[in-house]
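The values are calculated or read from the model by the stated rules, or taken from the named source; none is laboratory data. This structure is a prediction, so every number in the text was calculated from the model and none was measured. Every residue, glycine as well, gets a Cβ built from its backbone with ideal geometry; the counts of neighbours run over all protein chains shown. Surface areas here come from the heavy atoms of the whole protein model, side chains and all, with no ligands, DNA or RNA. Shrake-Rupley method; radii C 1.70, N 1.55, O 1.52, S 1.80 Å.
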Amino acid sequence: MRIRPLMVKQLTIALLAIVPTVHAAPVSFNDAWHTVVTTNDGLAADRASVEQAQYMQDAAKDLYLPKVTIGANYTRLDNDIKLSPSDVFDSMPASNTAAGQALNKIIADLTQATGTDFNSLFTANISDRDVFTSSIRAIWPIFTGGRISAAQDIAEGKTDQAKYMLAMQQQAKFEDLSRFYFGVVLAKNVLQTRTEVENGLKRHYQDAVKLEQQGQIARVERLQAQAAYDKAKVERQKSLRDLEIAQVALTQLLKQTTPAMPSTGLFINNSLPPMSAFVDKTLATYPGLRILDAKRKQAGGLIDVEKGKYYPEVYVYGDYNLHDSGSLAATMAPDWAVGVGVSVPLIDNSGRSGKLSAAHSMVTQVNHLQAQAQQDLTVLVEKTYREAKQALEEYNGLASSLSLAHENTRLREKAFGQGLSTSLDVVDAELFLASIKTQRLAAAYQYVACLTRLLAISGEMNTFKNYQQHQGIEVKL
């Protein structure tokens, strides 16, 4: 059996229309959001950043603890250290007096009379050339001018900053998911609309062929119907490709191996809470503003650190010998020692005055950035809120146009069958109906996109389900 090229083309188109949905995995918006939160690599990286900051904050708490070290030293001297009676006598203040000289003369006479070198006989070995010692040392800061608490405040501020960065990234991913998810829903509905147009123009073309054969319409009428039908097939195929592209983006975001197909449809709401509610909530909870608060806290910590460099440091220290060489010097040395030390900075080369001024400037910068951010957020919320209201008004305002388009299409098709209308009238009616449907779908998509943005920046993402399931009105073609 020979298959005609036209049949092959029609079969290919039919298969392409089926492919996006054959292996599609239906997923609700709530399930999709849970998947993004748990599997997205960007959010996982931000969570790791929070953990890192928390570990650094825990590390800063240890600054109050003493520093205890165990150490060992091996030293080789050029010679043994020895101490003779002559060295002792020579180091005495009386060595140059008459009594000292007399004492040295007596020792010399005894040495000559007995033949014994008393100086060598009574020489003591203080330390050998090879010296090995081991000890435990401890230093415990008592007062550091507030630098330890300032370092802990800075570490806490960095932890807060990491947490707010994670929250802000979650809000951004929520908006991304809404755009991709409902973008697929919009593309799917547009494809359905284009398919309906194609089917309608196909019936019209088939009717035109029959009427031409019966001599009731001119050939140009049939050609117009055929051209409109062919163009509708092209538009439907284009809508199919748009759906595939949108579906690929959503599937990649959800990290699925099969194409993701949303099960949550477009919706609208009868009304929205007042704009002031979104503005107040955003200014009170937006993570970007809280990040600036965390930066202000870090700047305050830097100020305290630089101020602390002008204060003395007080510390307690101790040392305990674990092993010595057994020499006379080691035996005479104490086994342990404790004390209190004070370090007073007189001249500092770290540029503390300039760094202190820079920290104050950082606080001023953060204050200005926060004021500007609050202004920008207010404008963003008001703009998004008005866009959502505009989308609702557009969707509701097109309801009468949709009814008119349906009725006009029905009448034009009936009139064409009776020879009272032209093919162009039917085509125009079909295209007008498709345009109204598409415009309403676009308005509904715009509303959902604006709503998710409002909920994201105001920290009310968990209320999306209420707007969609409990208060939402499903959009129907």
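Here residue 316 meets each of (1) touching a Lys or Arg at 6+ places or on another chain (Cβ under 7 Å); (2) under 30 Å from residue 154 (Cα atoms) with one exception, condition (1). Applying the condition of being free of Cβ contacts under 8 Å to residues at least 40 places away in the same chain and surrounded by 12 or more Cβ atoms within 10 Å (Cβ to Cβ) to the stretch 290-340 and asking which residue is nearest to residue 127 (Cα to Cα) yields 333.
With respect to residue 375, is the statement that it is open to solvent by 70 Å² or more (accessible area, probe 1.4 Å), under 30 Å from residue 223 (Cβ atoms) and polar (S, T, N, Q) true?
On the way: open to solvent by 70 Å² or more (accessible area, probe 1.4 Å): yes; under 30 Å from residue 223 (Cβ atoms): no; polar (S, T, N, Q): yes.
No.
Within the stretch 251-274, the presence of a residue that is surrounded by fewer than 19 Cβ atoms within 10 Å (Cβ to Cβ), among the small types (Gly, Ala, Ser) and part of a helix (DSSP H, G or I) is excluded. In summary, residue 133 fulfils each of the numbered conditions (1) at pLDDT 70 or above; (2) out of contact with any Phe, Trp or Tyr (no Cβ under 9 Å at 6 or more places or on another chain) with the single exception of condition (2). Considering only the stretch 180-210, state which residues are touching a residue at least 24 places away in the same chain (Cβ under 8 Å) and among the aliphatic types (A, V, I, L, M). Across the stretch 180-210, the qualifying residues are 184, 185, 186, 187, 190, 191, 197, 201, 208. The condition (being of a type in the set (D, E, K, R), touching a residue at least 60 places away in the same chain (Cβ under 8 Å) and either buried (at least 16 other Cβ atoms within 10 Å of the Cβ) or under 23 Å from residue 179 (Cα atoms) (or both)) is satisfied by just one residue among 389, 383: 389.
Please specify each residue of the stretch 341-352 satisfying the condition of being touching a residue at least 12 places away in the same chain (Cβ under 8 Å) and either surrounded by 12 or more Cβ atoms within 10 Å (Cβ to Cβ) or touching a strand residue (DSSP E or B) at 6+ places or on another chain (Cβ under 6 Å) (or both). Spell out the reasoning first.
Restricting attention to the stretch 341-352, the residues satisfying the condition of being touching a residue at least 12 places away in the same chain (Cβ under 8 Å) are 341-345, 348, 350, 352.
341, 342, 343, 345, 352 - these are the residues of the stretch 341-352 that are touching a residue at least 12 places away in the same chain (Cβ under 8 Å) and either surrounded by 12 or more Cβ atoms within 10 Å (Cβ to Cβ) or touching a strand residue (DSSP E or B) at 6+ places or on another chain (Cβ under 6 Å) (or both).
For first residues located in the stretch 240-261 and in contact (Cβ under 8 Å) with a residue 24 or more places away in the chain, partners that are outside any helix (DSSP H, G or I) and open to solvent by 50 Å² or more (accessible area, probe 1.4 Å) and lie 6+ apart or on another chain with Cβ distances below 9 Å form the pairs 250/256; 258/23; 259/23; 260/26; 261/26. Total residues in the stretch 456-477 satisfying the condition of being within 15 Å of residue 172 (Cβ to Cβ) and without any contact (Cβ under 8 Å) to a residue 60 or more places away in the chain: the figure is 0. Among the residues of the stretch 132-165, those that are assigned to a strand (DSSP E or B) and among the aliphatic types (A, V, I, L, M) comprise 136, 138, 139, 142. Here residue 329 clears all of (1) at pLDDT below 95; (2) farther than 30 Å from residue 240 by Cα; (3) hydrophobic (A, V, I, L, M, F, W, C); (4) under 43 Å from the mean Cα position of the chain (by Cα) except the condition numbered (4). Examine the stretch 100-119 for a residue that is open to solvent by 70 Å² or more (accessible area, probe 1.4 Å), among the hydroxyl-bearing types (Ser, Thr, Tyr) and at pLDDT below 80, and state whether such a residue exists. Yes, the stretch 100-119 contains at least one residue that is open to solvent by 70 Å² or more (accessible area, probe 1.4 Å), among the hydroxyl-bearing types (Ser, Thr, Tyr) and at pLDDT below 80. For the stretch 213-237, filtering for residues that are touching a residue at least 40 places away in the same chain (Cβ under 8 Å) and among the charged types (D, E, K, R) leaves 5. Answer yes or no as to whether residue 416 is over 30 Å from residue 174 (Cα atoms) and either at pLDDT 95 or above or touching a helix residue (DSSP H, G or I) at 6+ places or on another chain (Cβ under 7 Å) (or both). The answer is yes for residue 416.
Consider residue 385 carefully, then state whether it is part of a helix (DSSP H, G or I) and over 27 Å from residue 201 (Cα atoms).
Answer is yes for this residue.
Tell me whether the stretch 144-162 contains one or more residues that are of a type in the set (A, V, I, L, M), over 37 Å from the mean Cα position of the chain (by Cα) and open to solvent by less than 40 Å² (accessible area, probe 1.4 Å).
Just the residues of the stretch 144-162 that are of a type in the set (A, V, I, L, M), to begin with: 148, 150-151, 154-155, 162.
Add one more test, that the residue is over 37 Å from the mean Cα position of the chain (by Cα), and what stays is none.
So far as the stretch 144-162 goes, no, none of its residues is of a type in the set (A, V, I, L, M), over 37 Å from the mean Cα position of the chain (by Cα) and open to solvent by less than 40 Å² (accessible area, probe 1.4 Å).
Is it true that residue 265 is over 30 Å from residue 360 (Cβ atoms) and in contact (Cβ under 8 Å) with a residue 40 or more places away in the chain? The answer is yes for residue 265.
When residue 180 is tested against (1) in contact with a Pro (Cβ under 9 Å, 6 or more places away or on another chain); (2) part of a helix (DSSP H, G or I); (3) among the aromatic types (Phe, Trp, Tyr), exactly one condition is not met: (1).
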